[in-house]
1. If amide hydrogens are placed 1.01 Å from N in the peptide plane, which non-local residues have theirs closer than 5 Å to the one on Glu26?
2. Give me the net charge for the shell around Pro93: Cβ to Cβ below 12 angstrom, other residues only, Lys and Arg +1, Asp and Glu -1.
3. Could you order the peptides 53-60, 27-34, 65-72 from most to least packed, using the average number of other C-beta atoms within 10 Å per residue?
Amino acid sequence: MRLRDPVPHGDAPAGLQAPPFSARLEPGDRRFDAPADQPLMQSAARAGIELPSSCRNGSCRTCIGRLLSGRVTYRIDWPGLLREEMAEGWFLPCIAYPATDLVFERPVPSEFPGRFRASSA
């Protein structure tokens, strides 16, 4: 399955950028603008919100989060997640581009021992 580039939303006239989507990180109700043309992690960083990261290319899974609402897209064919994980709402903010307004959460690592580490095989 090939994932498409995000499509800007709104009816912005030619040459003008569409308004950003709204993103909210839970817990804590931290909100920030999330333009469709940049990865969610980059948007969070510009808003002063630091998300855990290591590789910034989707291979280490350090940044994994779960979408509570909304949708993201990827610009690579295989974003380092199993289909089942994506169906459960897991996503990688370092390479995920918002396609709608969204709400997401970071899992507590101790609740998911070993699940979010990249495979060494």
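1. Excluding prolines and chain starts, which carry no amide H, the hits are Phe104, Glu105, Arg106.
2. Computed value for this residue: +2.
3. Result, highest mean first: 65-72, 53-60, 27-34.
Every number here is computed from the coordinates shown, using simple stated rules; none is lab data. None of the values given here were measured: they were computed from a predicted structure. Note that we place each Cβ from the backbone using ideal geometry, even for glycine, and neighbour counts take in every protein chain shown.
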